[in-house]
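Have a look at the structure below, then the notes.
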Amino acid sequence: MELQFYHILIPFLPLAGFIINILLGKEVTRFNAHWPAVLSVAGSWVCSLFTLRDVMAGKIIDADLYTWIVSGTFKVSVGFLIDPLTAVMLIVVTTCATLIHIYAVGYMRGDSGYYRFFAYLNLFTFCMLMLIMGNNFLLMYFGWEGVGLCSYFLIGYYFNKKSAADAGKKAFIVNRFGDFGFGIGVFIVFLTFGTLHYADVFSNVSSIAGKTVSFLGWNVDLPTLIALLLFCGAVGKSAQLPLHVWLPDAMEGPTPVSALIHAATMVTAGVFMVARCSPIFNLSEVAMNTVAIVGAATSLFAATIAVTQNDIKRIIAYSTCSHLGLMFLACGVGAYAAGIFHLYTHAFFKALLFLAAGSVIHAVHTNNIQEMGGLKKYMPITYAVFIIAALSAAGVPGFSGFFSKDEIIWSAYAAHTPVGKLVWLMGTAVAFLTPFYTFRLIFLTFHGENRGVHKAEEAHGHNPHGSSHSAHGGGHNSHGHDSSHGSHGGRHIHESPKIMTIPLMILAVGAVAAGWVGIPPILGGGAHFAEFLKPVVGHPEFHGTHAEEWAVMGLSTTIALCGIALAAFMYLRKSDLPEKISKQFSLIYKVLYHKYYIDELYNYTIVKPTYWIADKVLVAITDAKIIEGIVNGVPGAIGRFSQKLRKVQTGLAQHYGIFMAAGAFFIIALALLLR
Amino acid sequence: MVPLSWYMLLSIIVFAIGVFGFLARRNVIIMFMSIELMLNAVNINLIALSHYLQDMRGQILAFFVIAVAAAEAAIGLAIIIALFRNKATAHVDEIKEMQG
Amino acid sequence: MEQQVIMNQLSYPILSTVIFLPVLGALLILLNRRSWESLTRWLALGTSIATFFLSIPLFTMFDKSTHKMQFVEKFKWIPDWNIYYFLGVDGISVLFVLLSTLTAILCVLISWESIKTKTKEFYISILLTTSFMIGVFCSLDFFLFYIFWEAMLIPMFLIIGVWGGPNRVYAAIKFFLYTLVGSLLMLVGIIVLYLYGGKTFNILELMTKTYPYTMQVWLFWAFFSAFAVKVPMWPVHTWLPDAHTEAPTAGSVILAAVLIKMGAYGFLRFSLPLFPEASVAMTPIMLTLSVIAIIYGAVICLAQTDLKRLIAYSSVSHMGFVTLGIFALNTQGLEGGILQMLNHGIVTGALFLSVGIVYDRTHTRKIADYGGLATEMPIYASFFMVFTLASIGLPATNGFIGEFLILLGGFKANQWAGVLACTGIIIGAAYMLWLYQRIFFMEVNPKLHGLVDMDVRETIILIPLIFLVFWIGVYPDSFLSFMHPSVQHLIERLNTGGVQEMNIAKTVMEVVK
């Protein structure tokens, strides 16, 4: 099928929205900046639906727009590949983007950088769509870096705040570490296949199976090398161990950003990439196991941290980390469709969680759940959608999250490999922790007494945000809702406006029902989702009986319900228990609370030494002493020598005369003697 | 006919006097005259050899030397006068502006 | 010989015009009255704009299908020594002529208000530098080339030494001596070539000859000394931070945009085709130096406290990429290297222009004196952001295309070089974003309150550069297509050198058998 006009419109509509807002926003669109932004994204959404229809009809599109770079045998185009995987991603991205754009109209109202916010959001949507629609590795890299850039802009949106600027920078640089591997992976793909186009690479992929190449002096298996290098990029972008550190900090950005970029779309790019490159990953058992284990480890690791955190957005951020880990786990055991399925359901319930959290923050003006409580009666809609999202995230049967999570855990179990069993155990542990921390969050936020009234009153004077707010009046507008408006006390807590709650309700429908397209056969469904993706990512072989499947499903469901029950017990019944436990196991609590000290570790092993070398060795010694020593030293030595030599110049004519005579005598004598 | 060697001997003596005068005397004018002596010693040599070898180029060169000497005298004397006006001395030891 | 070149077909001698029009402008300014300062400025602007427009046919009329020299002008100049007035451009040099003519306009405009003393002399120097720089890129006769190469130093020396910062004399002399010492060794090399290559200075003719290997190595290092200083490669880079820091904005821009390209251009035009075997043999050393420059330049940026110094060191790092690409000796590396030279000219030139814009307001170059500028000067901040992103090689900006091709070529040539150079990209992002944060983000430094945003003149200066950043980033083909035949030709020349060696080796092996 030819590339249709509406296919091209999908990415370029948001780009147009971006250009309009960035050029005209300051003067023209200003507080109407949401019109071009929302309309363009909604337009993409409509085009995506048409595209989905095409793909459902069995059409696959792979077409080039123009040739981007040509150099010798290297040739890469700007072109689109639209297949079932792309179609699913298109729906996920444009749906979430549209709803979140609408939500942001209410959330960001009155912010001084209103047009800027929507411009960046549109740019992000453009880059994300390029990432998923590109038909070659370089275009994916383009989108990859592009979304990273928008993430940088949006995390650092409140750039007057040092922590926000730092967080944006950190996200970008940590991602660059991942991209380092990704880039080299792309080089090797080109050098191996002579092209970067997916179609050409994947159709020849079998030729590299079992091949060994020399890489930096080591002989390594070629598919393993390529897969692992590409996976480096995914580790950075999807915040997996050990490059997960940027995601929690990224919560400095406005909440719609966290929902769109750091939950629903950008961070899932890594999973998408692994699924897209599944033909390469499938060739290497080592790479697959690495993906599975990294995913499972991150999932467990992030879940344990989430249990102790107090910042509402950070908890959800760690939860995102954890869910992304589950997706990689699925990919690692070959169940790419399950991973993408979870990506798809996760987008809905996690975006919903974030937006609902944003709604809470919008109302109470703090991120600390210890200062909330009892919000149920003020914000009924938010509460309801929060519960729905949490149930979905927890994997309670019937909700979207259940079907996808169950499929992952079952795939891990059914893979029947030692690694599969290991990650299955870890996944089951996560299935316990996820409901626990999610409901801990809900109980602390919405139930019990409001602990925030008193503190919110105090915030007038000396809460850190409030004081920074009053200290520089000029910049206060740009602080927005996440940190300013200390003047609203607890008594003014109210439900968010309709423009925010309606997207929440739509997403809530998604969080419940989105998963119904992938109900497994055992529950009477048709697993349509996996069937749809099968042409792209294949389907793993399961070795399990129906009885085992029932058992695995039953176990994870029971465990999830136990998690909810434990949270209810600890935070509703015995609300002094958490504190006791944290005192009892203070060491473990501390380690978890400080996120395993990973940030500190990186700071002392990478950041500080690099800076120290730059400052104390390169500037002070190499450049200043050694190189400049030689550069200034040689002329200096010449200068000192001529200081000595100038003494010969006495200024007395007769001394010169004597030298002349002596010289003449000497030369004549020499001439005569040597004749 | 005076033999060539006599001319050359004369030339050497005059040149030696010039060298001695230049190096030993401290008065700038005297030193200047010594330089002229050296130049003229060379002239004697040139002309004598020119005659001996029957080659006119020696005499042409001698004319050049005379011309140069004249120019030198003009400039040199002007410098000496300027110097004397400034320093009120013609004693060479007291003139060491060029000391490094 | 004549089939190697395509004579100038235009109605006017385009290369001579672009070279000597600035000189004419300089003469007019010389005749102008000192008190008529604005006439001086307009004369300089008019000349540079005219030069630019007259140079545009080089872009539009260029025959992209051949590696031959085009727009050639050839006249006898000093017949006794076989010296010709011989000009021409090919795919490697043509873009730099255009870059030079564009830079001249920007330099005149950026100095419009900041140069208040000795205005006449300043604009004369700028125009003369431009003229000589274009001369360097066009000369096809070694004698002519060397004259332009050295002549360029004089106005540049004056620009730094007269209109520079407090430590300008030191910086100017350092700049002068560094480059001069390097050039003199090249002069020796040129004379050796002249004597050995049949008493000719014709570069194209010299390129067709083969030289004994040992001689190639010696000459390679003689030329290296001139080019490496200009690039500047590690460890002869220390003149650059000083010169950049002390030079007035226009001086920094000329240095960054065009002057330091001469070194890399020299490698491409002379070292590789003249000494192919030596170049191939010296690749490991050159790659090592390039990688050191990339990482060293990037890491040292982290510790800089002076805005211009930081950008100067980042140039060291970026030019490391260029030399890496060139000495990767494959198509991607070479084309990426040439493109990156252009990119670096645009981006670093733009960064120095931007620094100049803010320096005119604050008169400080210390990073610590800034902070929160995005609040005070939002438009300026967005422009600076685009150049920052281009500098760290973000896709869709020009920096990406160049760096990607270079790294691909470098990786192809030597895996270690490719991998280590990639780390330069990580550090590059770190120092540029940190710089951006310290200048534009965080709370507004009280000293900066009330700064006015960019005016029309300043915006006009930066807009063409923004345009180029995205043009090259999105559709690089309009620039890469210039290079294909020339680079292909260059690689053939390099390979035939290698093939000869191979043949010799084969013969030796057969004899042994």
| message | Residues that are within 12 Å of chain C (Cβ to nearest Cβ), open to solvent by 10 Å² or more (accessible area, probe 1.4 Å) and in a helix (DSSP H, G or I): does the stretch A:232-241 have at least one? | response | yes
| request: Give just the number: which of (1) touching a Lys or Arg at 6+ places or on another chain (Cβ under 7 Å); (2) hydroxyl-bearing (Ser, Thr, Tyr); (3) at pLDDT below 90 does C:Ser252 not satisfy? | output: (3)
| said: If the requirement is being at pLDDT 90 or above and β-branched (Val, Ile, Thr), which of these qualifies: A:Ile621, A:Ile613, A:Ile667? | reply: A:Ile667
| remark: Exactly one of B:Ile13, B:Ile60 is within 22 Å of A:Ala662 (Cα to Cα), modelled with pLDDT of 90 or more and loosely packed, with under 13 Cβ neighbours inside 10 Å, and that residue is B:Ile13
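So which residues in the stretch A:1-19 are among the hydrophobic types (A, V, I, L, M, F, W, C) and touching a residue at least 60 places away in the same chain (Cβ under 8 Å), if there are any at all? Working first, answer last.
To start, the set of residues in the stretch A:1-19 that are among the hydrophobic types (A, V, I, L, M, F, W, C) comprises A:1, A:3, A:5, A:8-10, A:12-13, A:15-16, A:18-19.
Scanning the stretch A:1-19 gives A:Met1, A:Leu3, A:Ile8, A:Ile10, A:Phe12, A:Leu15, A:Phe18.
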| task | Sort out which residues of the stretch A:242-269 are outside any helix (DSSP H, G or I), among the polar types (S, T, N, Q) and under 14 Å from A:Ala357 (Cβ atoms), and write them in order of number. | result | none
| task | Look through the stretch C:408-434, keep the residues that are at the interface with chain A (Cβ under 7 Å from one of its Cβ atoms) and farther than 17 Å from A:Val174 by Cβ, and return whichever of them is surrounded by the fewest Cβ atoms within 10 Å (Cβ to Cβ). | result | C:Trp416
| task | Name every residue in the stretch A:355-369 that is assigned to a helix (DSSP H, G or I) and not hydroxyl-bearing (Ser, Thr, Tyr), in order of residue number. | result | A:Leu355, A:Ala356, A:Ala357, A:Gly358, A:Val360, A:Ile361, A:His362, A:Ala363, A:Val364, A:Ile369
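Please work out if C:Thr210 is more than 19 Å from A:Ile627 (Cβ to Cβ), open to solvent by 10 Å² or more (accessible area, probe 1.4 Å) and within 17 Å of the chain's Cα centre (by Cα).
Working: more than 19 Å from A:Ile627 (Cβ to Cβ): yes; open to solvent by 10 Å² or more (accessible area, probe 1.4 Å): yes; within 17 Å of the chain's Cα centre (by Cα): no.
It is false that C:Thr210 is more than 19 Å from A:Ile627 (Cβ to Cβ), open to solvent by 10 Å² or more (accessible area, probe 1.4 Å) and within 17 Å of the chain's Cα centre (by Cα).
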| So which residues in the stretch C:144-169 are in a helix (DSSP H, G or I), touching an Asp or Glu at 6+ places or on another chain (Cβ under 8 Å) and touching a residue at least 40 places away in the same chain (Cβ under 8 Å)? | C:Ile160, C:Val162, C:Arg168
| said: Give me the residue from the stretch A:349-389 that is touching a Ser or Thr at 6+ places or on another chain (Cβ under 6 Å) and open to solvent by 20 Å² or more (accessible area, probe 1.4 Å) and, out of that set, modelled with the highest pLDDT. | reply: A:Ile381
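Among the candidates B:Ile80, B:Ile95, single out the residue that is under 17 Å from the mean Cα position of the chain (by Cα), in contact (Cβ under 8 Å) with a residue 12 or more places away in the chain and within 14 Å of chain A (Cβ to nearest Cβ). Steps first, answer last, please.
On the way: B:Ile95 fails: under 17 Å from the mean Cα position of the chain (by Cα).
Step by step, each of B:Ile80, B:Ile95 is checked, and only B:Ile80 is under 17 Å from the mean Cα position of the chain (by Cα), in contact (Cβ under 8 Å) with a residue 12 or more places away in the chain and within 14 Å of chain A (Cβ to nearest Cβ).
Yes or no, residue by residue, for (1) within 14 Å of chain A (Cβ to nearest Cβ); (2) not acidic (Asp, Glu):
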site	(1), (2)
C:Thr348	no, yes
C:Asp360	no, no
C:Ala381	yes, yes
C:Ser391	yes, yes
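Please verify whether A:Ala662 is open to solvent by less than 80 Å² (accessible area, probe 1.4 Å), facing another protein chain (nearest Cβ under 9 Å) and of a type outside the set (Phe, Trp, Tyr), treating the condition exactly as stated.
On the way: open to solvent by less than 80 Å² (accessible area, probe 1.4 Å): yes; facing another protein chain (nearest Cβ under 9 Å): no; of a type outside the set (Phe, Trp, Tyr): yes.
The answer is no for A:Ala662.
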| How many of the residues in the stretch C:10-39 are open to solvent by 80 Å² or more (accessible area, probe 1.4 Å) and either under 26 Å from the mean Cα position of the chain (by Cα) or free of Cβ contacts under 8 Å to residues at least 40 places away in the same chain (or both)? | 9
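Out of all the residues in the stretch A:86-94, is one or more part of a strand (DSSP E or B) and over 20 Å from the mean Cα position of the chain (by Cα)?
For the stretch A:86-94, residues part of a strand (DSSP E or B) and over 20 Å from the mean Cα position of the chain (by Cα): absent.
Quick one: how many residues across the stretch C:220-238 are more than 22 Å from C:Phe145 (Cβ to Cβ) and open to solvent by less than 10 Å² (accessible area, probe 1.4 Å)? Please lay out each step first, then the result.
Our first condition is that a residue be more than 22 Å from C:Phe145 (Cβ to Cβ); within the stretch C:220-238, this holds for C:234-235, C:237-238.
Going one step further and asking which of them are open to solvent by less than 10 Å² (accessible area, probe 1.4 Å), we end up with C:237-238.
So the answer is 2.
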| task | Filter the helices (runs of 4 or more DSSP H) completely within the stretch A:597-675 down to those with at least 2 residues that are more than 28 Å from C:Ala293 (Cα to Cα). | result | A:598-602, A:628-645, A:653-673
| said: If a residue must be under 19 Å from the mean Cα position of the chain (by Cα) and outside any helix (DSSP H, G or I), how many such residues does the stretch A:307-349 contain? | reply: 1
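Only one of C:Thr66, C:Thr101 is within 30 Å of C:Lys199 (Cβ to Cβ) and not basic (Lys, Arg). Can you tell me which?
None of the other options fit; the residue is C:Thr66.
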| field | Check on A:Trp516, assigned to a helix (DSSP H, G or I) and either without any contact (Cβ under 8 Å) to a residue 60 or more places away in the chain or of a type in the set (Val, Ile, Thr) (or both) | value | no
| note | Scanning the stretch A:139-198 for residues that are more than 9 Å from chain C (Cβ to nearest Cβ), more than 30 Å from A:Thr224 (Cα to Cα) and open to solvent by 10 Å² or more (accessible area, probe 1.4 Å) gives A:Ser163
| said: Of everything in the stretch A:576-612, what is open to solvent by less than 80 Å² (accessible area, probe 1.4 Å) and within 14 Å of chain C (Cβ to nearest Cβ)? Give them in sequence order. | reply: A:Tyr602, A:Asn603, A:Ile606, A:Pro609, A:Thr610
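Within the stretch A:50-65, does at least one residue satisfy the condition of being within 14 Å of another protein chain (Cβ to nearest Cβ) and either of a type outside the set (A, V, I, L, M, F, W, C) or over 22 Å from A:Met500 (Cβ atoms) (or both)?
Step one: list which residues in the stretch A:50-65 are within 14 Å of another protein chain (Cβ to nearest Cβ), which gives A:64-65.
Filter once more, so that each one left must be either of a type outside the set (A, V, I, L, M, F, W, C) or over 22 Å from A:Met500 (Cβ atoms) (or both): A:64-65.
The answer is yes; a qualifying residue exists.
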| field | Positions within the stretch A:215-263 being under 18 Å from A:Tyr152 (Cβ atoms) and among the small types (Gly, Ala, Ser), in sequence order | value | A:Gly233, A:Gly236, A:Ser238, A:Ala239, A:Ala250, A:Gly253, A:Ser258, A:Ala259, A:Ala263
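If I filter the stretch C:50-67 for residues that are open to solvent by less than 30 Å² (accessible area, probe 1.4 Å) and more than 22 Å from the chain's Cα centre (by Cα), do I get at least one hit? Step through it out loud before you land on a result.
So in the stretch C:50-67, the residues open to solvent by less than 30 Å² (accessible area, probe 1.4 Å) come out as C:51, C:55, C:57-58, C:62, C:66.
Cutting the leftovers down to more than 22 Å from the chain's Cα centre (by Cα) gives us C:66.
Yes, the stretch C:50-67 contains a residue that is open to solvent by less than 30 Å² (accessible area, probe 1.4 Å) and more than 22 Å from the chain's Cα centre (by Cα).
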| Hey, any hits in the stretch C:370-383 for a residue that's more than 27 Å from A:Tyr115 (Cα to Cα), open to solvent by 10 Å² or more (accessible area, probe 1.4 Å), over 25 Å from the mean Cα position of the chain (by Cα) and among the hydrophobic types (A, V, I, L, M, F, W, C)? | no
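Considering only residues of the stretch A:30-63 that are in a helix (DSSP H, G or I) and in contact with a strand residue (DSSP E or B) (Cβ under 8 Å, 6 or more places away or on another chain), which is nearest to A:Ile91 (Cα to Cα)?
Within the stretch A:30-63, the subset in a helix (DSSP H, G or I) is A:30-32, A:34-56.
Next, only the ones that are in contact with a strand residue (DSSP E or B) (Cβ under 8 Å, 6 or more places away or on another chain) stay: A:51, A:54-55.
On the way: A:Thr51: 9, A:Asp54: 13, A:Val55: 12 Å.
Only one residue tops the list, namely A:Thr51.
The values are calculated or read from the model by the stated rules, or taken from the named source; none is laboratory data. Note that the structure is a prediction, hence the values are computed from the model and not measured. All Cβ positions, glycine included, derive from the backbone under ideal geometry; neighbour counts span all protein chains shown. Ligands, DNA and RNA are stripped out before the accessible areas are found, and what is left, the full protein with its side chains, is counted by its heavy atoms. Shrake-Rupley method; radii C 1.70, N 1.55, O 1.52, S 1.80 Å.
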